[in-house]
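Asks: One structure coming up, written as structure tokens, with questions to follow.
The values are calculated or read from the model by the stated rules, or taken from the named source; none is laboratory data. Every value quoted in this text rests on a predicted model; they were computed, and no experiment measured them. Heads up, the Cβs are rebuilt from the backbone with ideal geometry, glycines too, and the neighbour counts pull from every protein chain shown. To get the accessible areas, we keep the full protein, side chains included, count just its heavy atoms, and leave off ligands, DNA and RNA. Shrake-Rupley method; radii C 1.70, N 1.55, O 1.52, S 1.80 Å.
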Amino acid sequence: MTNYKELISKMTLEEKASLMSGDNFWNTKPIDRLGIPSIMLTDGPHGLRKQGGKADHLGLNKSIPATCFPPAATLANSWDLELLNEVGTYLGKEAASEQVSVLLGPGLNIKRNPLCGRNFEYFSEDPYLSGKLAANMVKGIQSHGISACPKHYAVNSQEHMRMTIDEVVDERALREVYLEGFRYAVEEGQPKTVMSSYNKVNGEFANENKHLMQDILYGEWDYQGVVVTDWGGNNDRVEGLKAGNQLEMPSAGGITDKEIVDAIKTGKLSEDVLDEAVERMLTLVFDTKEALRNTEKVDYEEHHKKAIDAAKRSMVLLKNDESLLPLRQGQRVAVIGDFAKAPRYQGAGSSLINPTKVDNAWDLLAETELKIVGYEQGFNRFGGKNESLKNSALRLARQADVVLLFLGLDEGSEAEGVDRQDMRLRGNQLELVNELSKVHDNIVVVLSGGSVIEMPFVNDVKSILHGYLGGQGGASAVRDILIGDYNPSGKLAETYPIKYEDVSSAPYYPGLEATAEHRESIFIGYRYFDTKHVPVLFPFGHGLSYTQFEYSDLEVTEQSISFKVKNVGMLAGEEISQVYIKSTNSSVFRANKELKGFSKVHLEPSESKEVKIELDDHAFAYYNSFINGWSVESGLYEIQVGSSIEDIRLTETLELQGDDAPHQYDQEVLKHYYQGDVHQITDTEFHQLLGYTPPNPLWDRKGKLGYNDTIAQGRYKKGFGKALYLVVLLTKKVLHVMGKPLQANNVMFVMNMPFRQIPRFSQGKVSEKMIDRLLKLINLW
Ligand code: BGC
């Protein structure tokens, strides 16, 4: 933080307060008389979404064209810190060239459950991987002097009721799983801005949660930057400011600035708190504005090439029986599936980029040496039976040596504001693959989608290439991998369960009304499957290459490990090696093993390289909530090096002397946690682990609605409240039927918005008095 004390001394109270909220949807307020400029903040996270005309935060109105890089869920599969830094650099350049000071990303919430509607915007189920990737992206973005903005701090695990839900999570899971990625992003990436999340964490809104903000972010991590609310995520402005949430976005029409001024006048808020907030804001404003003085012009062609490169390095070859891939020259190939011609390359919501161009697989495959026998759509993207599409596809398949079948999730399935209903592809796609497999042996499925899906067809096809959401160059990357111009190297940053019911949080997700109980605690993703030995479809860290690698010579110390990787196949390729640590005699419940390091090396055929990986001070530790700190138990630890979490190639044991700080876990009371059996967690176990009795997970269905309630709660009312709820619900349904999923989404935003937010969001057009009257009317019944 720079010292702006002198400048601050010249500001009036009203001017200081004015810096605490936006001027409009995307800009902060200037103070012309003192030469303080306005700065612009825009999405994020995998491209620039700068809106010229009408503004919104749900991807409805167009933004200026920008390069659409692959979203976080895709990039994460690269496990490539350099790539994340590079993509960040490209993003930063585009933002700077458009005079944007803060790019709202990366998103790094932990993928608690595969159904979260925004999983495509997040990296992984693992905090170490998420945090390292995010830190490098932050560094890349900020290399242009502007600010990145890791989001959404914290535990924004579901979209349903995201503005009011209370995420009830025990301190250990909070630290080890939900905050650990943010810690890396903040400590290593040094972002100038962090975005707080909409939800509550253990009873307090994240943006006014003193534990999250004061104790951890500013205290333990020594964060030096600004915290901005998520758009419309402010609750009690003064409490938010006290906790350290300086900037409220977007504009609240001056309503909350006045609340700050009044609080200072009445002594509710100390002016020192405001002064510190102003100093942080001024540092952000002046630093980033300075960086925007001389920006470079963007070469969008070059950026498109980088988008292709990023996609190539991130796609995952899940299965490749009999080396069906890469395709050989002259092979007769049938291209089937809507996604071949109309690619799905990004998700919906505030991250929706207006791309400079979009590649499609059909055009690109036609230019190769393959003998393309034709294209058939095969199915309607948005579901429903169509026998004629299916039969034409079956006819075409019969003429080919290989069938390239492009399947995926449609645009409505993965979107901000709504969670997915299930983990399945549409029935018509499953039916098609099933029937095709009866007439053809050589099927390659190319998948599009940013989150985990069930694959009942896994044994009916020979190869599966997961393209995830490839960004605007995704189809070029797919083409290169299919024909062998690029050797696939991506590995899954999340586990693919066989079926949804296998997921650890499935019995508890999403929280439907007042709270979301994280009964599964630390057992998220592989931390559960690997501990409980639940068979999975594809494990965490899995991904195939067209070559093979051998591992040898493992050496371990407490600080670092080294080993050799050799390419023993015929093609050059890249291998992602993963380091897992297993505590063999722990007295606390722990996951079977946890990721603590990784590396990616490029190897020519027969080449071998030594890989060295540093272990950090959390490598052996668990979070001991009884001492409020990290603790290491003495004992034996296995260091496992693998090609995936299930494909461990080398193991060494290390004896450690720890601090052995005491804990009070009672193995009898927490029986299911000790067994990793988290589908069965009783109230007693969960409450014991939490250390408090959580509030009723359901809304008070009989009580009166107040400022912090939502239109959604009208469903339990009679009269006007119910009518309002039904009108909003009907509007949403009609928009869906009209084929406008994004607009329908926006309606959900209104449905789930607390009443307090309406005057602020409408910038005073709907006054607080009007809300009072509305609530009175609703509460008549
Ligand atoms: C999203 C944020 C986004 C902001 C601005 C919110 O709805 O949760 O991720 O940055 O809008 O568009």
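Asks: What pairs in 289/357; 341/371; 341/390 have C-alpha atoms more than 21 Å from each other?
Replies: 289/357
Asks: If you roll a 1.4 Å probe over the heavy atoms of the protein chains, what accessible area per residue do you get for the chain, in Å²?
Replies: 35 Å²
Asks: Carbon and sulfur atoms: what percent of the 1.4 Å accessible area of the chain do they account for?
Replies: That fraction is 48 percent.
Asks: Using a 7 Å offset from the Cα along the Cα-to-Cβ direction at both residue 610 and residue 458, what is the distance between the two label points in nm, to one decimal?
Replies: That separation, rounded to one decimal, is 3.9 nm.
Asks: Length gain on complete extension for the stretch residue 766 to residue 680, per 0.36 nm per residue less the alpha carbon to alpha carbon distance?
Replies: Difference between extended and current length: 26.3 nm.
Asks: Normalised by the residues of the stretch 711-778, what does the relative contact order come to in percent, with Cα pairs under 8 Å and at least six apart?
Replies: 31 percent
Asks: What ³J(HN,Hα) values, in whole Hz, does the Karplus curve 6.51 cos²θ - 1.76 cosθ + 1.60 give for the stretch 531-537 when θ = phi - 60°, with x put for Gly and Pro?
Replies: 7, 8, 6, 8, x, 10, 6
Asks: Then there's this: Please go through the residue pairs 462/612; 16/265; 50/732; 200/671; 200/265; 93/192 and name each one whose alpha carbons sit more than 25 Å apart in this structure.
Replies: Listed pairs above 25 Å: 462/612; 50/732; 200/671; 200/265.
Asks: Sketch the reach of a paramagnetic label on residue 636 as a point 7 Å from Cα along Cα-to-Cβ, and name the residues of the stretch 649-665 whose backbone nitrogen lies under 15 Å away.
Replies: From the stretch 649-665, the list is 651-657.
Asks: Given 0.36 nm per residue, what is the gain on full extension from residue 743 to residue 586 after removing their alpha carbon distance, in nm?
Replies: Going from the current span to full extension adds 51.4 nm.
Asks: Using the Cα atoms of the stretch 96-212 to build a convex hull, what is its mean projected area in square nanometres?
Replies: 7.1 nm²
Asks: Now for a separate question. Quick one: Cα centre-to-centre distance for the stretch 309-382 and the stretch 707-743, in angstrom?
Replies: Rounded to whole Å, the Cα centres lie 38 Å apart.
Asks: In 20 Å bins starting at 0, how do the alpha-carbon pair distances of the chain split up by percent?
Replies: 16, 49, 31, 4, 0
Asks: Once both labels are modelled 7 Å past Cα along the beta-carbon direction, what's the residue 388-residue 727 spacing in nm?
Replies: Label-label distance for residue 388 and residue 727, simple model: 4.2 nm.
Asks: Give the relative contact order (percent, whole number) for the chain; include only Cα pairs under 8 Å separated by 6+ residues.
Replies: Relative contact order for the chain comes out at 14 percent.
Asks: Could you sort 26-37, 133-144 so that the peptide with the highest average Cβ count within 10 Å comes first and the rest follow in order?
Replies: Top to bottom by mean Cβ count within 10 Å: 133-144, 26-37.
Asks: Here is a further query. For each pair in 438/532; 132/593; 312/600, compute the distance between the two Cα atoms and list the pairs where it is over 25 Å.
Replies: 438/532
Asks: Related question: Given Cβ point charges of +1 (Lys, Arg) and -1 (Asp, Glu) and nothing else, what value in debye, to the nearest 20, does the dipole of the stretch 300-494 about its Cα centre take?
Replies: Dipole magnitude for the stretch 300-494 comes out near 280 debye.
Asks: Something else: Using the beta-carbon distance between residue 299 and residue 668 and R0 = 60 Å, what value does 1/(1 + (r/R0)^6) give for FRET efficiency, to the nearest 0.05?
Replies: 0.40
Asks: Then there's this: By per-residue mean of other Cβ atoms within 10 Å, what is the highest-first order of 301-312, 422-433, 608-619, 185-196?
Replies: Per-residue mean Cβ counts within 10 Å order the peptides as 185-196, 301-312, 422-433, 608-619.
Asks: Could you order peptides 626-632, 294-300, 43-49, 460-466 by the average number of other Cβ atoms within 10 Å of their residues, highest first?
Replies: For the peptides 626-632, 294-300, 43-49, 460-466, the packing ranking is 43-49, 460-466, 626-632, 294-300.
Asks: Where a ≥ b ≥ c are the square roots of the eigenvalues of the C-alpha gyration tensor, would you call the stretch 141-293 rounded, which needs a/c under 1.5, or, failing that, prolate if a/b is larger than b/c, or oblate?
Replies: Oblate shape, in that a/c is at least 1.5 and b/c is the bigger or equal ratio.
Asks: Could you check the simple spin-label distance between residue 654 and residue 220, using points 7 Å along Cα→Cβ, in nm with one decimal?
Replies: Each label point lies 7 Å from its Cα, and together they span 2.1 nm.
Asks: Something else about it: Can you give the direction-averaged projected area of the convex hull of the alpha-carbon atoms in the stretch 711-778, in nm²?
Replies: With the hull built on Cα positions only, its mean projection is 4.5 nm².
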